[in-house]
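First comes the structure, then the notes that go with it.
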Amino acid sequence: MPIDSVTFRNKKFYSKKIKPYTGKENIHSDNKIYESMYSRVYMHERSVYKTVKVSNFIRDNFRLLTYRSKSYDEIKGNIFLSKLGIRVHNIQFWGVAPLSRDVNELLITEKLESYLPIEHHTKLFRENKVIEKILIDIANDINLMAENGAIYRDLHFQNVMSTELGEICWIDTALKYIRSYHKIEDKLRVKVKVLKKDLLDTGKLTKSEWEIFYDTLKYGK
């Protein structure tokens, strides 16, 4: 039976019902795998649990009522990319904790069992002879997003994962939607420069690998 709320780490989150959820009602996990100024991410069994921090009590709680919250942006982007045929992780549950002062949203997503964040495993993908395929696929996905008026808000290779066979999947799917292709070019150009600094300048990609990625891009040059 679908459930209307999930208690995670002793806080109850009420379902926003993007889809029926039939998982556990009460979960506790201390297995924190990531933390930023905006969120904490935990792993438990076959799911990933992301709690969204409250940075401004009045604003962040008001946004829960107006579909302008941080999680809603990720959910909207997830649906948008899926319709384009871009592989994204499955969001299983979205819940909110109104009037909370610490965390006020919970996203439960699938655990990508066989996937690794690309930025940290370029050597492995190179050894498996799939690094070029991965880079071309990422660039083509970026092209497809741009052609449909969207760019990734947080575009880096930790937010795109891959199996050892080179099958990619995008996570943390908040997008920025832009009508002007000129503005898309400008904003992507900045993001591509950051990618170059993160990947080429640090030695995670070779010069020839970066050129394969860059030459496949149609936008942001």
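The values are calculated or read from the model by the stated rules, or taken from the named source; none is laboratory data. Since the structure is predicted, the reported quantities are computational estimates derived from the model, not experimental observations. Cβ: placed from backbone, ideal geometry, glycine included. Neighbour counts: every protein chain shown. In case anyone asks, the SASA skips ligands and DNA or RNA and just uses the protein heavy atoms, side chains included. Shrake-Rupley method; radii C 1.70, N 1.55, O 1.52, S 1.80 Å.
The table below lists the values:
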| quantity | calculated |
| --- | --- |
| Residue selected from region 1-42 under the condition of a type in the set (A, V, I, L, M) and more than 21 Å from the chain's Cα centre (by Cα), by the criterion surrounded by the fewest Cβ atoms within 10 Å (Cβ to Cβ) | M1 |
| Some residue of region 100-115 being out of contact with any Leu (no Cβ under 9 Å at 6 or more places or on another chain), aromatic (F, W, Y), crowded, with 16+ Cβ neighbours inside 10 Å and part of a loop (DSSP other than H, G, I, E, B) | yes |
| Residues of region 93-118 satisfying the condition of being over 14 Å from the mean Cα position of the chain (by Cα) and farther than 20 Å from Y38 by Cα | E113, S114 |
| Failed criterion for Y42 (all others in (1) at pLDDT 95 or above; (2) part of a loop (DSSP other than H, G, I, E, B); (3) over 19 Å from K176 (Cβ atoms) hold) | (2) |
| Leading residue by the ranking (modelled with the lowest pLDDT) among those in region 79-125 that are under 26 Å from D198 (Cβ atoms) and among the polar types (S, T, N, Q) | S114 |
| Of all residues making up region 143-166, the number that are over 22 Å from Y38 (Cα atoms), of a type in the set (A, V, I, L, M) and open to solvent by 10 Å² or more (accessible area, probe 1.4 Å) | 2 |
| Meets criteria (at pLDDT 90 or above and open to solvent by 30 Å² or more (accessible area, probe 1.4 Å)) for Y49 | no |
